[in-house]
1. What ranking do 79, 63 get, fewest neighbouring Cβ atoms within 10 angstrom at the top?
2. Measure nothing fancy, just the Cα-based angle from helix 286-297's long axis to the longest principal axis of the chain, in degrees from 0 to 90, nearest 10.
3. Which value in nm describes the separation of the simple spin-label points at residue 37 and residue 298, placed 7 Å from the Cα toward the beta carbon?
4. Determine the percent antiparallel among the DSSP beta bridges restricted to the chain, to the nearest 5.
5. Hey, can you grab everything whose amide H is under 5 Å from the amide H of residue 144? Only 5+ residues off in sequence or another chain; H modelled, so Pro and N-termini drop out.
6. Using a 10 Å cut-off on Cβ atoms, rank the peptides 182-189, 147-154 from the highest mean neighbour count down.
7. Please tell me the relative contact order of region 20-144 in percent, rounded to the nearest whole number, where contacts are Cα pairs under 8 Å and at least six residues apart.
8. Work out how much length residue 213 to residue 307 would gain on full extension: take 0.36 nm times their residue separation and subtract the Cα-Cα distance, in nm to one decimal.
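Computed from the coordinates by the stated procedures, all read-outs in this text should not be read as laboratory data. Given the structure is predicted, the values throughout are model-derived calculations rather than measurements. We place every Cβ from the backbone using ideal geometry, glycine too, and count neighbours over all the protein chains shown.
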Amino acid sequence: ERRAALSASSGPGQTSDGHLVPLLANVGGPADLPAALDAGAEGVGLFRTEFLFLDDSAKAPSEEKQVEAYRKVLEAFPEGRVVVRALDAGADKPLDFLTPADEPNPALGVRGLRTLLEHPEVMRTQLRALAKAAEGLPVHLEVMAPMVADRVDAKAFADACREAGLRAKFGAMVEIPSAALRARSILQEVEFLSLGTNDLAQYTFAADRQVGALARLQDPWQPALLDLVSLSADAARSLGKSCGVCGEAASDPLLACVLVGLGVTSLSMGAASIPYVRAALAKVTLAQCQRAAEAARAMDSAEEARAAAAQVLSGE
Ligand code: PEP
Ligand code: MG
């Protein structure tokens, strides 16, 4: 009881039986660091670098400006993990100089890694800036690509990282159902996966994340989404690699326990949610999380899945 209460307010994320689940922060830039440190984040699980690019949508920020911003974030977690996402432009985050203006379906168009592959100079500059920013720091830098569809995408990204001289782990976000279905094959090219459950829900249910009327289908408790999380986590575990979640799903304390039960190895969220997720994990065992995950996946709606997991996790 006492141990659970102590670990709930600070310290590493873990279940009551000591299964460690690093709790990381989602940040958009240096301005978000104080809140992340205050919340006791163990690192950064998603650095959304596109915010740096949104200042001036007419051109990319200079390499020097990028190095400066990346360095500040890397310095905030000297011994920790910092997962930087390569520029994710397009769809809900259009950039004038990169995003085609005439796409009929921007969410299904040239966005994320697809944009970077069409503009290799932008990707090269960013990866080089990251390499410079990390120079001499003990930080564990990880760099991941948004919107990876398959192994070909993953290889193109890993090659670009190597060419830029990046000494880091390279990873792929799982935001497209094809990536979850073929996680094993993607993991032949990269060292870790990170589930972007916001986009993964959007593409699994063909439900635009910006359309409020489709909230039922965007619900991360949807059993189909849990199935895709499970596929990805299983593939990573079987290869001895990690599979985190950095979408909104990780910030729901109850769902966070279910994700851990599905085999997810770290959770990244807005800093404000970290204390709640830490407290929820500290109250349950790993076996309980696994039973909750199984119960949720046996249901046919998000609502039933949530209720089933809540029952198992409350120990009833
Ligand atoms: C996601 O899609 O879940 C994600 C983490 O990325 P973003 O919300 O920035 O698209
Ligand atoms: Mg996304």
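1. Details: 79 10, 63 14.
By the 10 Å Cβ count, ascending, the order reads 79, 63.
2. Relative to the chain, helix 286-297 is tipped by roughly 80 degrees.
3. Between residue 37 and residue 298, the label points sit 4.7 nm apart.
4. Values: 2 of 31 bridges.
Expressed as a percentage, antiparallel bridges in the chain total about 5.
5. Close amide H contacts, sequence-distant or interchain: 84, 85, 86, 171.
6. Working: 182-189: 19.1, 147-154: 21.0.
Answer by packing, highest mean first, reads 147-154, 182-189.
7. Details: 201 pairs, mean separation 35.6, N = 125.
Answer for region 20-144 is 28 percent.
8. Values: separation 94, 0.36 × 94 = 33.84 nm, distance 2.26 nm.
Here the answer is 31.6 nm.
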